[in-house]
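A short write-up of the structure that comes next.
The values are calculated or read from the model by the stated rules, or taken from the named source; none is laboratory data. Quick caveat: nothing in here was measured; it's all calculated off a predicted structure. We place every Cβ from the backbone using ideal geometry, glycine too, and count neighbours over all the protein chains shown. Accessible surface areas use protein heavy atoms only, side chains included; no ligands, DNA or RNA. Shrake-Rupley method; radii C 1.70, N 1.55, O 1.52, S 1.80 Å.
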Amino acid sequence: MTQRVELATVMDRLAVDALVTDYAMAVDDGDWEAYRGLFTHDGRADYRSAGGVEGDARQVAAWLAESLTLFSMRQHLIVNRRVRFGTLDQDTGDTARVRADYINPMRLAGDGAASTAPDFVCGGRYAFALLRTDDGWRLSEVVVQEKWRRLPDPRPAPVIN
(Lines give C-alpha, C1' and ligand atoms only; values in the text may rest on other atoms or scores of the structure.)
Protein backbone atom coordinates (compact mmCIF):
# COMPACT_ATOMS: atom_id res chain seq x y z
CA MET A 1 0.00 0.00 0.00
CA THR A 2 1.44 3.37 -0.96
CA GLN A 3 1.55 6.36 1.35
CA ARG A 4 -1.01 8.10 -0.86
CA VAL A 5 -3.46 5.18 -0.51
CA GLU A 6 -2.82 4.99 3.23
CA LEU A 7 -3.48 8.73 3.60
CA ALA A 8 -6.69 8.46 1.57
CA THR A 9 -7.85 5.59 3.82
CA VAL A 10 -7.11 7.62 6.95
CA MET A 11 -8.99 10.60 5.51
CA ASP A 12 -11.97 8.37 4.64
CA ARG A 13 -11.97 6.91 8.17
CA LEU A 14 -12.01 10.40 9.66
CA ALA A 15 -14.85 11.47 7.35
CA VAL A 16 -16.90 8.35 8.15
CA ASP A 17 -16.31 8.83 11.88
CA ALA A 18 -17.41 12.47 11.60
CA LEU A 19 -20.60 11.41 9.79
CA VAL A 20 -21.50 8.95 12.55
CA THR A 21 -20.84 11.65 15.15
CA ASP A 22 -22.95 14.14 13.18
CA TYR A 23 -25.75 11.55 13.16
CA ALA A 24 -25.69 11.26 16.96
CA MET A 25 -25.60 15.02 17.42
CA ALA A 26 -28.47 15.63 15.00
CA VAL A 27 -30.68 13.15 16.87
CA ASP A 28 -29.70 14.51 20.30
CA ASP A 29 -30.18 18.14 19.25
CA GLY A 30 -33.40 17.46 17.36
CA ASP A 31 -31.88 18.95 14.20
CA TRP A 32 -34.03 17.07 11.70
CA GLU A 33 -32.86 19.09 8.71
CA ALA A 34 -29.27 18.11 9.51
CA TYR A 35 -30.42 14.51 10.09
CA ARG A 36 -32.02 14.33 6.63
CA GLY A 37 -28.91 15.90 5.09
CA LEU A 38 -26.73 13.05 6.35
CA PHE A 39 -28.48 10.55 4.06
CA THR A 40 -28.25 9.82 0.36
CA HIS A 41 -31.35 10.84 -1.65
CA ASP A 42 -32.72 7.29 -1.23
CA GLY A 43 -31.27 6.65 2.25
CA ARG A 44 -33.35 4.68 4.74
CA ALA A 45 -33.41 4.05 8.48
CA ASP A 46 -34.92 1.21 10.48
CA TYR A 47 -35.78 1.77 14.15
CA ARG A 48 -38.26 -1.11 14.43
CA SER A 49 -36.22 -3.05 17.00
CA ALA A 50 -36.58 -0.04 19.32
CA GLY A 51 -40.34 0.21 18.77
CA GLY A 52 -40.03 2.70 15.94
CA VAL A 53 -40.51 2.87 12.22
CA GLU A 54 -38.66 1.99 9.04
CA GLY A 55 -38.62 4.32 6.06
CA ASP A 56 -36.79 6.96 4.12
CA ALA A 57 -34.84 9.64 6.00
CA ARG A 58 -37.70 12.15 5.72
CA GLN A 59 -40.27 9.74 7.17
CA VAL A 60 -37.99 8.61 9.97
CA ALA A 61 -36.99 12.19 10.85
CA ALA A 62 -40.69 13.07 11.20
CA TRP A 63 -41.25 10.07 13.48
CA LEU A 64 -38.19 10.92 15.58
CA ALA A 65 -39.25 14.57 15.85
CA GLU A 66 -42.61 13.53 17.24
CA SER A 67 -41.56 10.64 19.48
CA LEU A 68 -38.52 12.33 21.03
CA THR A 69 -40.57 15.28 22.33
CA LEU A 70 -41.18 12.96 25.30
CA PHE A 71 -37.58 13.61 26.37
CA SER A 72 -36.10 16.94 27.44
CA MET A 73 -32.55 15.54 27.45
CA ARG A 74 -30.92 13.08 25.10
CA GLN A 75 -27.29 12.07 25.06
CA HIS A 76 -26.50 9.63 22.32
CA LEU A 77 -23.12 7.93 22.73
CA ILE A 78 -21.86 5.82 19.83
CA VAL A 79 -18.77 3.76 20.66
CA ASN A 80 -16.71 0.75 19.53
CA ARG A 81 -16.95 1.78 15.89
CA ARG A 82 -15.78 -0.87 13.43
CA VAL A 83 -15.32 0.55 9.95
CA ARG A 84 -15.01 -1.63 6.83
CA PHE A 85 -14.57 -0.09 3.39
CA GLY A 86 -15.74 -1.62 0.12
CA THR A 87 -18.20 -4.00 1.70
CA LEU A 88 -21.38 -3.40 -0.27
CA ASP A 89 -22.38 -5.37 -3.35
CA GLN A 90 -20.64 -4.33 -6.58
CA ASP A 91 -18.44 -1.90 -4.69
CA THR A 92 -16.38 0.57 -6.70
CA GLY A 93 -14.30 1.70 -3.73
CA ASP A 94 -16.84 4.19 -2.47
CA THR A 95 -18.83 2.25 0.11
CA ALA A 96 -18.39 1.43 3.76
CA ARG A 97 -20.11 -0.29 6.64
CA VAL A 98 -19.86 0.73 10.28
CA ARG A 99 -21.01 -1.38 13.19
CA ALA A 100 -21.05 0.51 16.45
CA ASP A 101 -22.51 0.10 19.90
CA TYR A 102 -24.64 2.81 21.46
CA ILE A 103 -25.95 3.84 24.84
CA ASN A 104 -28.67 6.46 25.01
CA PRO A 105 -29.67 8.03 28.35
CA MET A 106 -32.72 10.32 28.20
CA ARG A 107 -34.65 12.47 30.67
CA LEU A 108 -38.44 12.62 30.48
CA ALA A 109 -39.86 16.04 29.58
CA GLY A 110 -42.06 17.78 32.11
CA ASP A 111 -40.47 16.01 35.07
CA GLY A 112 -40.42 18.67 37.76
CA ALA A 113 -37.81 16.85 39.82
CA ALA A 114 -34.54 18.66 40.48
CA SER A 115 -32.54 15.63 39.42
CA THR A 116 -30.85 15.70 36.04
CA ALA A 117 -30.32 11.93 36.02
CA PRO A 118 -31.81 10.05 33.07
CA ASP A 119 -35.17 8.35 33.47
CA PHE A 120 -34.77 6.05 30.49
CA VAL A 121 -31.64 4.39 29.14
CA CYS A 122 -31.32 2.05 26.19
CA GLY A 123 -28.44 0.44 24.37
CA GLY A 124 -27.66 -1.70 21.39
CA ARG A 125 -25.85 -1.68 18.08
CA TYR A 126 -26.04 0.37 14.92
CA ALA A 127 -25.37 -0.94 11.44
CA PHE A 128 -24.55 1.96 9.12
CA ALA A 129 -24.12 1.61 5.35
CA LEU A 130 -22.36 4.56 3.72
CA LEU A 131 -21.79 5.77 0.20
CA ARG A 132 -19.30 8.34 -1.05
CA THR A 133 -21.19 10.98 -3.05
CA ASP A 134 -20.21 14.20 -4.78
CA ASP A 135 -21.06 15.88 -1.45
CA GLY A 136 -18.91 13.49 0.60
CA TRP A 137 -19.83 10.42 2.60
CA ARG A 138 -23.56 9.95 3.24
CA LEU A 139 -25.68 7.33 4.98
CA SER A 140 -27.52 4.98 2.66
CA GLU A 141 -28.92 2.87 5.50
CA VAL A 142 -29.10 2.93 9.29
CA VAL A 143 -30.42 -0.06 11.22
CA VAL A 144 -30.90 0.15 14.98
CA GLN A 145 -30.59 -3.12 16.88
CA GLU A 146 -31.76 -2.29 20.39
CA LYS A 147 -30.48 -4.91 22.85
CA TRP A 148 -31.72 -3.58 26.17
CA ARG A 149 -33.53 -0.75 27.91
CA ARG A 150 -34.05 0.44 31.46
CA LEU A 151 -37.34 2.16 32.13
CA PRO A 152 -38.11 4.59 34.94
CA ASP A 153 -38.45 2.98 38.34
CA PRO A 154 -42.18 3.13 39.24
CA ARG A 155 -41.42 2.98 42.98
CA PRO A 156 -41.29 6.30 44.82
CA ALA A 157 -37.86 7.47 45.88
CA PRO A 158 -37.07 6.76 49.55
CA VAL A 159 -37.34 9.68 51.95
CA ILE A 160 -34.02 10.39 53.62
CA ASN A 161 -34.08 12.37 56.87
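Quick notes on this structure:
- Only one of G30, G52, G43 that is on the phi > 0 side of the Ramachandran plot and either in contact (Cβ under 8 Å) with a residue 24 or more places away in the chain or surrounded by 18 or more Cβ atoms within 10 Å (Cβ to Cβ) (or both): G30
- Test: residue in region 119-127 that is more than 30 Å from D153 (Cβ to Cβ), in a strand (DSSP E or B), touching a strand residue (DSSP E or B) at 6+ places or on another chain (Cβ under 9 Å) and modelled with pLDDT of 95 or more: yes
- Which listed residue, of G55, G43, is more than 19 Å from D22 (Cα to Cα), in contact with a helix residue (DSSP H, G or I) (Cβ under 9 Å, 6 or more places away or on another chain), modelled with pLDDT of 90 or more and in a strand (DSSP E or B): G55
- D12, sole failed condition from (1) of a type in the set (D, E); (2) closer than 16 Å to W137 by Cβ; (3) open to solvent by 70 Å² or more (accessible area, probe 1.4 Å): (3)
- Count - residues of region 5-53 that are of a type in the set (K, R) and touching an Asp or Glu at 6+ places or on another chain (Cβ under 6 Å): 2
- On the stretch given as region 58-96, residues that are within 18 Å of the chain's Cα centre (by Cα), modelled with pLDDT under 95, closer than 30 Å to M11 by Cα and open to solvent by 80 Å² or more (accessible area, probe 1.4 Å) total 2.
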